[in-house]
Every structure is written in structure tokens, then in C-alpha cells.
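Enquirer: Take this structure first; my questions come after.
The values are calculated or read from the model by the stated rules, or taken from the named source; none is laboratory data. Just so it is clear, the model here is predicted, and its values are computed rather than measured. All Cβ positions, glycine included, derive from the backbone under ideal geometry; neighbour counts span all protein chains shown. Only protein heavy atoms, including side chains, enter the accessible area calculation; ligands, DNA and RNA are left aside. Shrake-Rupley method; radii C 1.70, N 1.55, O 1.52, S 1.80 Å.
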Amino acid sequence: MGSIYVAIVEGNPHLRSLLGWHLQQAGYRTQQIATIGQARTAFLHRQPTLAIVDSDLPDGDGIELCHWLYQQRQTLILILSARNSEKEIVKGLKAGADDYLTKPFGMQEFMARIEALTRRMRAASAPLYLEYGDLKIDLVQRRVQFKEEFIELTPQEFSLLYVLAQAEGMALSRSELLRRAWPEAIDNPRTIDTHVLSLRKKVETDPRQPSLIQTVRNVGYRFNPDVLEDAPMPAMPPAAIARDRSNGNGHNLSRIAANHS
């Protein structure tokens, strides 16, 4: 569940903290937010997988935030509300909520609702690519593109980058990276260091001071997508660019991205 990011937009600090604790215990990554203003700022930077929204927030009506979130079409929404009339429930669902839970509620029911919503998310069709700013990771052709130029990666390097990106900022140990990237391989986890070094030479602006694939002391490595905002083009061997242009694969990926964006 580590890749599922849940935002808790709740005005009551005690309830907000309690919900966050239970979600973290179940393996979800969480962010606790107190107001609509804070939520809009946070969500413009990064869309959550699931947003839990209180209908009565200190700076306004949470239903309006749900409607705004629904227009983004990327986030599941669970409304928490003391308003328990049929009219209010219908209003919340029409605003774009995927579920509506009235207060007070039991924690077992709350967690069951969360699990049902995330099951729905996992059942949806898998994406064709991951996109972080100007970086696109094509999951069909197993290619990586940065600012419309292809970066030539080995199959091992692509698998490693994909696993790191999919973890969405969470640090992964060498053993975990080895298990996820090459599940059938029997190897020394320390070989991850060699592949990370090679990958950094291709995707980092300065491999000697890596910012995209960061080392986490006593843990392993993490992918940091924040540096991709207005990031310069990483240095690439001219031969690698020329090979990709000559075989015409650039047109294939552009067509996939255009059709499914």
C-alpha cells in the first residue's frame, strides 16, 4: 500500500491525527491537511490517490473542494460529514464523491470504506506510462523520454527506474529493489549500487551530486520527482540520441502519450 497516497482534509486535529495513525498502520502514505486553502496548494503540487474530505472545514464548505477535486479526474474522494440527511448525502455524491460516511463512525467501518475504494482504484486499467514533468516512463515500450529526447537504458536500468518511480518518493532498501525490479534474479543486493550508478549517469544532470535518485542513509534509495520541475536536460551521449531518432521510436511514444493523456 506504500504507493497509495491518502490526503486527510479534516478540520478537527484530534480526528485528523487518529485517521492518519490508522491509515499509516495499514500501510498507506498520508498527508494531514486542515483547510481548503492548504489542500488546494498541496493538490496543485501533487494529486493524492484518495482524498478524505470533511464537509465542514474552517475556511469553507468541503463539498466545494470535492467538486474542484472531481474536475481533476485523478483522485478518489471520501466525504466525512455530520450532515446525515438524504439531501446532503446526494449533494456530496453529485459533487463528485465516490463515498460518503456520516459522523460519528467506527474506525472499522472507516477502514473498510478505504479498502473498498482502493480496491476499485487497483481494479482500474493500468496506465500506459508514468509522467513526472518532462520525464515520461513508457510502460509499454519500456522506454524513457525526457524533454522529447529518448534516454537509452538497459532492461535492468529501466526496471530499476520504474520501481523507484512507482514508490513515489518512498525509500526502498537494496533487497526490496532487487526483489521488485528482478523478482527471478538471485543476486547480491549490493549489485543495486552498480545499476544505480549507471542509471544516474544517464538521468542525472550531475551524477556526482544526484538529486533525482537519492541515497537514503542506512536504508537504500528513493526517487525524488520534485527536481523535475523546470529541470535542465540531463547530459546524454549524442550516439544514444541519434540511434533513437534513426529508428523512429520517438513518433511511436508521442502518439501513445497523445492518445492517452
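Enquirer: What figure, in Å² to the nearest 10, do you get for the accessible area of Val196 with a 1.4 Å probe and non-protein molecules left out?
Expert: 0
Enquirer: Going Cα to Cα from Lys87, which lysines come in below 19 Å? Please leave out same-chain ones fewer than 8 positions away.
Expert: Lys103
Enquirer: For region 44-111, give the percent of accessible area contributed by carbon and sulfur heavy atoms, probe 1.4 Å, rounded to a whole number.
Expert: For region 44-111, the apolar C and S fraction of the accessible surface comes to 49 percent.
Enquirer: Can you find, among Leu93, Gly60, Gly37, the residue sitting farthest towards the positive end of the charge dipole of region 31-131, where Lys and Arg contribute +1 and Asp and Glu -1 at Cβ?
Expert: Leu93
Enquirer: Using only alpha carbons, build the gyration tensor for region 1-107 and give me the equivalent ellipsoid semi-axes, biggest first, whole Å.
Expert: Over the Cα atoms of region 1-107, the ellipsoid semi-axes are 19, 16, 13 Å.
Enquirer: To make sure I understand the rule: partners must be lysines, Cα under 26 Å from the Cα of Lys202, and not fewer than 8 residues away in the same chain. Which ones qualify?
Expert: Partners within reach: Lys136, Lys147.
Enquirer: Over region 47-94, how many percent of alpha carbon pairs lie in each 5 Å bin up to the one with the longest distance?
Expert: 5, 22, 33, 24, 12, 3
Enquirer: Could you tell me the relative contact order of region 98-215? Use alpha-carbon pairs under 8 Å, at least six residues apart, and round to a whole percent.
Expert: RCO, region 98-215: 14 percent.
Enquirer: Please give the Cα centre distance for region 190-215 versus region 37-55, rounded to the nearest Å.
Expert: 32
Enquirer: Using a/c under 1.5 as the rounded threshold, could you call region 1-40 rounded, prolate or oblate? The axes a ≥ b ≥ c are square roots of the C-alpha gyration tensor eigenvalues, and prolate needs a/b larger than b/c, oblate otherwise. List each step's numbers first, then the result.
Expert: Details: a/c = 4.50, a/b = 1.44, b/c = 3.12.
Oblate is the answer for region 1-40, as a/c is 1.5 or above yet b/c matches or exceeds a/b.
Enquirer: With every protein chain left in place, what is the accessible area per residue of region 74-168 in square angstrom, probe 1.4 Å?
Expert: For region 74-168, the per-residue accessible area is 51 Å².
Enquirer: Let me ask you something else. So what is the relative contact order for region 1-155, in percent, with contacts set as C-alpha pairs under 8 Å and at least six apart?
Expert: 15
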